1. Tell me yes or no: at least one residue of the stretch 177-196 is at pLDDT below 90 and of a type in the set (Lys, Arg).
2. Please indicate, with yes or no, whether at least one residue in the stretch 130-144 is touching a Gly at 6+ places or on another chain (Cβ under 8 Å), crowded, with 18+ Cβ neighbours inside 10 Å and under 15 Å from Pro214 (Cβ atoms).
3. Specify the residue that is modelled with the highest pLDDT; the eligible residues are those in the stretch 84-96 that are among the charged types (D, E, K, R) and over 16 Å from Thr124 (Cβ atoms).
4. Gly213 - would you say it is touching a residue at least 12 places away in the same chain (Cβ under 8 Å), over 19 Å from Ile135 (Cβ atoms) and buried (at least 22 other Cβ atoms within 10 Å of the Cβ)?
5. Within the stretch 223-235, identify whether any single residue is in contact (Cβ under 8 Å) with a residue 24 or more places away in the chain, touching an Asp or Glu at 6+ places or on another chain (Cβ under 6 Å) and polar (S, T, N, Q), and answer yes or no.
6. Could we say that Asp192 is among the acidic types (Asp, Glu), over 17 Å from the mean Cα position of the chain (by Cα) and not in a loop (DSSP other than H, G, I, E, B) here?
7. Hey, could you check the stretch 115-129 for residues that are buried (at least 20 other Cβ atoms within 10 Å of the Cβ), part of a loop (DSSP other than H, G, I, E, B) and not aliphatic (A, V, I, L, M) and say which is farthest from the chain's Cα centre (by Cα)?
Amino acid sequence: MLFGRVSLIVFLVGVLERVTFAHNGRVIGGEDAPAEGIPYQVSVQYTSGGHFCGGSILNEYWIVTAAHCLYGYNHEHIQVVAGTNDWEFPPEELIYQPAEFIIHCQYEKPYDHHNDIGLIRLKTPLKFSERINKIELATEPLKEGDVLRISGWGFIENDGSEVPYGKLQMLNVNFLPYEQCRGALSNSPLMDYSQICTFNKKGEGVCFGDSGGPVAMDGKLYGVTSWGRPCGQGYPDMYSSIIYYHDFIRKHVKGCAWFN
């Protein structure tokens, strides 16, 4: 299931739910982010109000998020909010309007969830500060034993009965190597080498509304929240790998000196 727009497929073999983590979702089992916030984290919202996805700041003009957070939307009806732990009622100076969306040309090909990555270009540059700043892209592969941090806003429960959680949440999660993750997902074709995987225990993980948000370690971005079996049910969570999609990002983001 993508943690953005809600969709559901139940596999008869392995009984694996597929859902997107976006329209609702809190980091299950997490804690409030520090008062100084997570400077690279943004909230992707409807202009009419309402958080539905997360994203990460690449530079003053560009945000990386999940493709399923952008697919089917008109960018004129979406806004990006930066520099706050509270997504509700942001002040005007923290609201930025998109100029365009870029969705990976092979999104959902050959299978669901594949190439689930997209970019938002902003009309005006972000005003960097202690509360708003970019995150570097990871270049070194993860290894067994690595601990990453996920963050996001969303629902307190996974049944859609609550309003999106107002305070930014975060949680440390354990990287799960590819073969172990494939086994936990009954060798589902939805997983491939373009994705990374985390797992803690039942009661901890990402959920609806966390889609597009960051998974990071040591100040570097490793993944974009994509899909899983919601929420905190004892199954791995899946992210589009930033290392895998370096070329996609470089191709579309002009002036690449900031990658160095």
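The values are calculated or read from the model by the stated rules, or taken from the named source; none is laboratory data. Just so you know, these numbers come straight off a predicted model, no measurement behind them. No Cβ is skipped: glycine too gets one built from the backbone with ideal geometry, and neighbour counts run over all protein chains shown.
1. Checked against the condition, which is being at pLDDT below 90 and of a type in the set (Lys, Arg), the stretch 177-196 yields no hits at all.
2. Checking the stretch 130-144: at least one residue is touching a Gly at 6+ places or on another chain (Cβ under 8 Å), crowded, with 18+ Cβ neighbours inside 10 Å and under 15 Å from Pro214 (Cβ atoms).
3. Asp86
4. The answer is no for Gly213.
5. Within the stretch 223-235 (the criterion being in contact (Cβ under 8 Å) with a residue 24 or more places away in the chain, touching an Asp or Glu at 6+ places or on another chain (Cβ under 6 Å) and polar (S, T, N, Q)), the answer is yes, since at least one residue qualifies.
6. no
7. Asn115
Every residue, every condition in (1) within 24 Å of Val173 (Cβ to Cβ); (2) in a loop (DSSP other than H, G, I, E, B); (3) modelled with pLDDT under 95, yes or no:
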| position | (1), (2), (3) |
| --- | --- |
| Pro39 | yes, yes, no |
| Ser48 | no, yes, yes |
| Gly54 | yes, no, no |
| Tyr107 | no, yes, yes |
| His113 | yes, yes, yes |
